[in-house]
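Here's the structure we're looking at; comments come further down.
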Amino acid sequence: MMDALPPGLHAYLSDPGLAPVWAAARAKLERNGREPTGTIAVDLDEHAAEHLSGLLARSVAGGRIKLADLDAALRGSKGGRGLVSVLEILDGRPVIDRRAARDQNQAEWAGIWQRLDDALREVGLAGAPWVPGWIAATQRTGSLTRVGAAAAGRALDQAVAGLARLLAEPADPGWELAALASQVTGTAHGFDDTTLASSLLLRAAALALDRPVPESAADRRELWGALGVATDLLSGTVLAWQLRPAGSDDWSRMLRTRADLGLVTHLTLHELAAAAPAAWAEPARTVSVCENPQVMQAAVRAGTATPLLCLSGNPASAGTQLLRRLIADGVPVRYHGDFDWPGVAIAGRVIRQGIRPWRMSAGDYLAAVADLDESHAVPLTGRPEPTPWDPLLAAAMAERGLAVHEEFVLAGLLADLGVTGPGPGGRPDLRDPR
């Protein structure tokens, strides 16, 4: 700011003894809306009192001083400027109307929360049960206030746009994180670990999926995976057994050779992106899909010749991509998972892709519950999930309140795969048989 005070007056007013007067006057003005009203209380030594007395043209020994008197004295001086202008010149910074700034800040944040409500409504998430908790937690976090309303608004817009793609009904299967970020934020790094948008999105996703809010990098990668997002092309896999792509290309021949050798193949997103067989499996032959690797292990040891995939819980992007390609090729695919709330939530996401449920009906659940003994009677926990492929299943699970995991119904699954296994409720022998 240009110094508009005469040099002599500037030096006079800049005397260190007057610094407490100007500091108190600034604080009062910033509370008063920059109006020179009210009084300030100051303690002055003899030198400072003499200087202030000279400015006010009356004897001042300290105590209470009216801002109006200071303003009038300064306007009547050679400077010809009021108290606010003089303080801005002396300090080299503006006198802030803190009340107006606070009101403006509150108005800006009110607009941010209104915009968030509008965005959630536009993408069909406004009525989701996790939304109130997410908004409350978001309003409490200091990370938003630190970046300011404008940056916070952008991050919230991006988080909602990402959630709309990942939690949509039906879900868009399979994303690579960089591709998702590019589409939503305009940059491949928009959802990197250090971004506010990523933190907001993952907090909402944790509530939506009834999972803990991720605290570590590993937790965040796992949650991205649960959303069907690959943070890289190599770590997420789907297990494949007896998958025989039709085609004369090297990759198809390699996978058929592994099937002939009795080897389980770990397929990555990188491999699926690079491989383009004429067909992924025989269209007339059903591909079965399980949730738990122990089911695949038992099927492999029993020597089933039926194609079997294992998602190892919530499918990684590799699993989602492979299922989508099988469906696109017209291959019949069926899925079985755990009869617990997380299990049926996974089943819902898988079945929405066009996959048939496999022993996932209310009747299947009730028959399994009837065989439970005390050692296998595990209570259901977590938030109930709908089972749109058989609404009676969710009702039966809520009424019985017991979980049934895949290992307990292994005999029926193996029978469907053309091999024999343990009886109802029996545990498979998973030890090395050699």
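Computed from the coordinates by the stated procedures, all read-outs in this text should not be read as laboratory data. Just so it is clear, the structure is predicted and the values come from calculations on it, not from any experiment. Please note: Cβ atoms are built from the backbone with ideal geometry, for glycine as well, and neighbour counts cover all protein chains shown.
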With each run of n ≥ 4 DSSP H residues scored as -39500 (n - 2.57), what mean residue ellipticity at 222 nm is computed for the chain after dividing by its residue count and rounding to the nearest 500 deg cm²/dmol?
-15000 deg cm²/dmol
Can you tell me, using C-alpha contacts under 8 Å and at least 6 residues apart, the relative contact order of region 237-416 as a whole percent?
20 percent
Relative contact order (%) - criterion: Cα under 8 Å, at least six apart; region: region 99-230
23 percent
Over the chain, what relative contact order in percent results from Cα pairs under 8 Å that are six or more residues apart?
10 percent
Give the angle, between 0 and 90 degrees and rounded to the nearest 10, that separates the Cα long axis of helix 196-208 from the longest principal axis of the Cα atoms of the chain.
50 degrees
Here FRET efficiency (C-beta to C-beta, residue 260 to residue 179, R₀ 45 Å, nearest 0.05) is 0.80
Work out how much length residue 151 to residue 235 would gain on full extension: take 0.36 nm times their residue separation and subtract the Cα-Cα distance, in nm to one decimal.
27.0 nm
Sticking with the crude label model, points 7 Å out along Cα→Cβ, report the distance from residue 213 to residue 128 in nm, one decimal please.
1.6 nm
FRET efficiency for residue 135 and residue 96, using Cβ-Cβ distance with R0 set to 30 Å, rounded to 0.05:
0.50
Here are labelled values, [x] 1.28; [y] 0.99; [z] 1.02, and one is the computed Rg/Rh (Cα atoms, Kirkwood Rh) for what I pasted. Which one?
[x]
Cα gyration tensor category, rounded, prolate or oblate, for region 7-96 with a/c compared to 1.5
rounded
Using the charge dipole of the chain (Lys, Arg: +1 at Cβ; Asp, Glu: -1 at Cβ; taken about the Cα centre), state which of 242, 179, 372 has its Cα farthest towards the positive end.
179
Along each principal axis, Cα extent of region 99-230, largest first, Å
49, 29, 28
When the chain is treated as a Gaussian network with springs between alpha carbons less than 10 Å apart, the largest mean-square fluctuation among 136, 178, 205 is found at 136
Can you pull the one-decimal nm distance between simple spin-label points at residue 64 and residue 312, each 7 Å off the Cα toward Cβ?
7.6 nm
Highest GNM mean-square fluctuation among 12, 335, 365, for the chain with Cα springs under 10 Å, belongs to 12
Checked against the positive end of the charge dipole of region 99-230 (+1 on Cβ of Lys and Arg, -1 on Cβ of Asp and Glu, about the Cα centre), the farthest of 136, 100, 214 is 100
